[in-house]
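Below is one structure, written out as structure tokens; the observations come after it.
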Amino acid sequence: MSVNYHFERSKTCLLIIDVQGKLFSQVERPCEVMHAIQKVVRGFQIMDLPIIITEQYPEGLGSTVIGLKNLLGSKANYFSKTTFSCVANSEIAEKLMQFHQFIIVGIEAHVCVLQTAKDLLKAGKQVAVLNDATTSRSIYDFSTAIAEIRDVGGRISSVETVLFELIHDSHCKEFKQLSELIKSS
């Protein structure tokens, strides 16, 4: 399947899926993934774009990791769920359906990220999963999920790619801040 669209700020939401303490401590590439997630969050904050955060059964898996929670601040939209797909939770789905384009990061790629991406695509939404800001406990599960998302019409991208796509032009008022953010890594 060919993906031939650009992300537009007025239609795009960042969806951070289940970056929680008990899960995150067991995933592949945790430092690199956390750095990438923090970078995309800072980029969305610079552009003042919406961010939605989910937590899978936080009573058992803990809350969002503190380094990310501190960065997100008190205005963040957190949603608790027990369903693997965010779309299968009616409260989260209601919020998600307000947007047309989704940039997805988080864990685990082969469970909640994959099922959410597939359900959003099925609902006619446009989806990109950032492979540098997404992971699983197993590199095999991660790579299988990335391939499956691409096979069903999702886009696989990276933090830097989508941030520059969202500003579109070096004359954009946020270009300097985003450029410094990218260079700082």
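Descriptive notes on the structure:
- Ranked by the mean number of other Cβ atoms within 10 Å per residue, highest first, peptides 63-71, 157-165, 128-136 order as 128-136, 157-165, 63-71.
- The stretch 117-168 - percent relative contact order, Cα under 8 Å, separation 6 or more: 44
- Normalising by residue count, the stretch 10-55 has a Cα convex hull of 69 Å³ per residue.
- Backbone phi angles across the stretch 14-27, fed through the Karplus curve with coefficients 6.51, -1.76 and 1.60 (θ = phi - 60°), yield HN-Hα couplings of 8, 10, 9, 9, 6, 8, 10, x, 5, 7, 5, 5, 10, 8 Hz in residue order; Gly and Pro are listed as x.
- Within the shell of other residues whose beta carbon sits under 14 angstrom from the beta carbon of Gly153, the net charge comes to +2, with Lys and Arg scored +1 and Asp and Glu -1.
- Computed per residue of the chain from DSSP H runs no shorter than four, each worth -39500 (n - 2.57), the mean residue ellipticity at 222 nm is -12000 deg cm²/dmol.
- Normalised convex hull volume, the stretch 84-185, alpha-carbon set, Å³ per residue: 111
- Taking other residues whose beta carbon is less than 12 angstrom from the beta carbon of His100, and scoring Lys, Arg as +1 and Asp, Glu as -1, yields +2.
- Since only Cys31, Gln45, Ile104 are under comparison, the one whose Cα sits farthest along the positive direction of the charge dipole of the stretch 1-156, derived from C-beta charges on Lys, Arg, Asp and Glu, is Gln45.
- The value of relative contact order for the stretch 9-183, using C-alpha pairs under 8 Å at least six residues apart, is 27 percent.
- Across the stretch 9-183, Cα-Cα pairs more than 22 Å apart make up 38 percent of the total.
Each value in this text was obtained by applying a stated rule to the coordinates, not by laboratory testing. The shown structure was predicted, so the numbers you read here are calculated from the model rather than taken from an experiment. In this analysis, Cβ positions are derived from the backbone assuming ideal geometry, glycine residues included, and neighbour counts consider all displayed protein chains.
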